[in-house]
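The values are calculated or read from the model by the stated rules, or taken from the named source; none is laboratory data. Here the structure is a predicted model, which is why all the values come from computation and not from measurement. Using ideal geometry, Cβ is built from the backbone for each residue, glycine included, and neighbour counts are taken over all protein chains shown. Surface areas here come from the heavy atoms of the whole protein model, side chains and all, with no ligands, DNA or RNA. Shrake-Rupley method; radii C 1.70, N 1.55, O 1.52, S 1.80 Å.
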Amino acid sequence: MFNPFKIFKNTKVGLALGSGGAKGVAHIAVLDYCDKKEIPISMIAGSSIGAVIGSLYAYGALPDFKLFLKSVKSNDLFAYFDPVFPKTGLIQGKRAMDLLAQFIPRSVNIEDLKIPVAIVATDFYTGRPVIFRKGNVLDAIRASISIPGIFVPVKYMDTVLIDGGVCDPLPIDVVKGMGAGITMAVNLHPTIKIKRAIAAAFGKPEKLPVKENSSNDIVEHVDTESLDTASVVTQTKGWMTHVKKWLGMKIDGDKKIHEEVMPNIFEIVAGTIDIMEYMNTTLMITYNKPDVLIEPDLVHIGTLDFTKVDFLLNEGYAACLRVEKDITRKVLRWI
């Protein structure tokens, strides 16, 4: 049915993709849903993993990236992390960018993408967002995914950039500033592990069950042909084994699992960031409410837990179905 009010309304659909590490695989399902519903995404703003997925989509490489994720064996992705002596971060990030360069060539600039994309990073010294609308895509992504304490920060002009999720984990304000008339947002932090947070606050951290395929169980064999990962795994194997022993993690082949209730350094960093992003996202939604808010339930997925691809995709699509009435009323009737 023809809607005459379309004439007076800005019907450009803008999508804000939030930060959240591995949880961001759910963004792929949201974009698949939009394609199936023939929702024309006119612009995307993304922080951290949202910048990665948004850029892949805008370049046209997202289907290939999804196939890659589904084909990689459990935790093989950790072979693309290059550990360094922890001065400013634990991971250099070069191997991660080598991986992304298989899908987006290093020569591609943001302005070359099929639809406008804004990539959000954070100025470490001012705490303000740095928004990339031009320039090299992979360089901007590298800045946006610089998780504090995990990835080495990026030097940029006269400052240092860290993860975009630090200052703007759900860049609804950015996509509105790009000219979106209809805004959709994917919030990867609709809640946090409240029970754990409360227990920790009172000095009584609870024991949590060890989940299968967690990001702690590093698989030290890679079977991909696109990169020479055999040598990467050999170099990383000894380092990771020592780190796992130090952190009290399960070592492959060991029957005994460490039951220490105190979180290790990776859990502390990731958990702290989750809490920070949850609080900042709540504020963003309060003051920049999107027309449609999509919230996958991924509270038990870790920041680096890229092993549950099918679950992440299914939950991302299910989250769209849960707000389908809003999508129909606030998006589909206007496009």
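Collect the residues in the range 265-314 that are in a helix (DSSP H, G or I), among the acidic types (Asp, Glu) and either within 15 Å of the chain's Cα centre (by Cα) or crowded, with 20+ Cβ neighbours inside 10 Å (or both), keeping them in residue-number order. Within the range 265-314, ASP274, GLU277 meet the criteria.
Residues in the range 129-153 that are more than 27 Å from VAL84 (Cβ to Cβ) and part of a loop (DSSP other than H, G, I, E, B) were compared, and the one that is least open to solvent (accessible area, probe 1.4 Å) is ARG133.
Only one entry in LEU100, LEU15 is farther than 16 Å from ARG142 by Cα and either at pLDDT 95 or above or open to solvent by less than 10 Å² (accessible area, probe 1.4 Å) (or both), namely LEU15. Just one of the listed residues (SER215, SER231) is of a type in the set (Ser, Thr, Tyr), surrounded by fewer than 17 Cβ atoms within 10 Å (Cβ to Cβ) and at pLDDT below 80, and it is SER231. The residues of the range 318-329 that are open to solvent by 60 Å² or more (accessible area, probe 1.4 Å) and within 19 Å of GLY181 (Cβ to Cβ), listed by number, are THR328, ARG329.
Could you check the range 1-53 and list, in sequence order, the residues that are aliphatic (A, V, I, L, M) and under 17 Å from ASP291 (Cα atoms)?
VAL13, LEU15, ALA16, LEU17, VAL30, LEU31, ILE39, ILE41, MET43, ILE44, ALA45
Filtered by the rule that a residue be in a helix (DSSP H, G or I), touching a Ser or Thr at 6+ places or on another chain (Cβ under 9 Å) and hydrophobic (A, V, I, L, M, F, W, C), the range 23-60 gives ILE49, ALA51, VAL52.
Of the residues screened, PHE81 is one that is crowded, with 18+ Cβ neighbours inside 10 Å and modelled with pLDDT under 95.
ILE335: part of a loop (DSSP other than H, G, I, E, B) and either within 18 Å of the chain's Cα centre (by Cα) or within 23 Å of THR183 (Cβ to Cβ) (or both), yes or no? When the stated conditions are applied, ILE335 passes them. Inspect all residues belonging to the range 104-114 and state whether any of them is open to solvent by 60 Å² or more (accessible area, probe 1.4 Å), under 22 Å from ALA319 (Cα atoms) and not in a strand (DSSP E or B). No: zero hits.
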